[in-house]
Amino acid sequence: MRRPTPAFLAVTAVAAALALSGCHKPEARDKAAPAAARAVTVVAVQQRSITGALTASGDLVSRQEAAVLPEVSGFRVSAVLSDFGQYVKQGQVLARMDPALLEAQIAQAEAQLAQAEAQAAQAEDQASRVQGLDNQGVLSQEQIAQRRFQARAARATAKAQAAALKDLRTRYGKLQVTAPVSGLVLEKTVRPGDVSQGGGGTPWFRIASEGQIELQAQMSEDDLAHIRPGQRAQVTLPSGQTVTGVVRLISPEIDQQTKLGFVRVTLPVRPDIRAGGFARAVFSDAAGTVLTVPETAVRYDADGASVMVVLANNRVKRAPVRTGLRGSGLVEILEGPPAGTRVVGSAASFLLDGDLIKPTDGAANPVAAKPVAAKR
């Protein structure tokens, strides 16, 4: 029998080693699989309160504005007694017009009234003298009737002169333009020497009643549903300062073109809050308690928003979601996994469907972030 050569023995040994190595590969791969699982933070879909979830911007406007115009025409302004930026009281004189022409007319009307009163008294005296002389033959009935008619006509003339005098005196009182309400003068357009044009033209003064300024903020129909009267809001002024306002009223209708409504936020009376400015409001507790996840848990890509749901076997699966309000580091889930579902807390983990993870429980609530604008 021929003995195997050394070369043959070497080849056989290598082949046997490779065969044994191949037999152990599946076991090594199985042992390495648990080590390949990535440790990630897992949070639950929960009902939470989103604070500062809604913001809105708008103009600062006076709550109630009074326009002041002269009520008489053709009189020259002799003095302007108030300026914009001043606080005036109801009934305070803001401007005066030259009364010289009207004073002359009043003097003339007073003289005419005195004359008419004298004529009426004379006519009434003559009429009284024929009292009881009807059908007595002393005077004809025609003469008696004529005296009575002249008395009534003279009295009517005196009343007309009295009414004309009253009109002139009323117009004289209107030569002083007064404030109809107490408040802050926002605008003044009149100057000494101007001629009045009653009942038309540009208002001489615009007054913010009681100096009260409000924020009229524009909001979408969906966002208005989260606002209620009496709700507080933090309003940032043009100067950068922040004041606390209160929602006074909500728009009863939505603009058909823009699909926007408005809310009126009452602000404190302060000299640095000026009508015509621009301000931004962050509404407190606007959303109440809603279904939420941390903002970091939502991934946005070409297919839309999604979260990575953790299954019972610690593998992940992509679940599409529809998001709503945002604030305090949270985002509202309008459509998606139900409450209690575990999701990956960081959308930046770049996990794929079926990936195995090592879940680590995250905090029940994320650290409150600065309020941000509502996004849908």
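Scanning the stretch 336-365 for residues that are under 14 Å from residue 292 (Cβ atoms) and either in contact with a Pro (Cβ under 8 Å, 6 or more places away or on another chain) or among the polar types (S, T, N, Q) (or both) yields 336, 341, 343, 345, 362, 365.
Where strands (runs of 3 or more DSSP E) fall wholly inside the stretch 101-219, the ranges with 2 or more residues that are touching a Leu at 6+ places or on another chain (Cβ under 7 Å) and either over 30 Å from residue 261 (Cα atoms) or not small (Gly, Ala, Ser) (or both) are 176-178, 205-209.
Only one of the numbered conditions (1) modelled with pLDDT under 90; (2) under 13 Å from residue 281 (Cβ atoms); (3) of a type in the set (Ser, Thr, Tyr) is violated by residue 258, and that is (2).
Taking the criterion of being within 32 Å of the chain's Cα centre (by Cα), modelled with pLDDT of 90 or more and closer than 23 Å to residue 361 by Cα, the residues of the stretch 301-331 that qualify are 305, 321.
State whether one or more residues within the stretch 106-116 are under 23 Å from residue 70 (Cβ atoms) and surrounded by 14 or more Cβ atoms within 10 Å (Cβ to Cβ). Checking the stretch 106-116: at least one residue is under 23 Å from residue 70 (Cβ atoms) and surrounded by 14 or more Cβ atoms within 10 Å (Cβ to Cβ).
For residues that are of a type in the set (D, E, K, R) and surrounded by fewer than 17 Cβ atoms within 10 Å (Cβ to Cβ), scanning just the stretch 211-245, find the one that is farthest from the chain's Cα centre (by Cα). Checking each candidate, the answer is 222.
Checking every residue in the stretch 288-296 against the condition of being farther than 20 Å from residue 220 by Cβ, modelled with pLDDT under 90 and either in contact with a helix residue (DSSP H, G or I) (Cβ under 8 Å, 6 or more places away or on another chain) or not charged (D, E, K, R) (or both) gives at least one match.
The values are calculated or read from the model by the stated rules, or taken from the named source; none is laboratory data. As the structure is a computational prediction, the values presented were derived from the model and not from experiment. In this analysis, Cβ positions are derived from the backbone assuming ideal geometry, glycine residues included, and neighbour counts consider all displayed protein chains.
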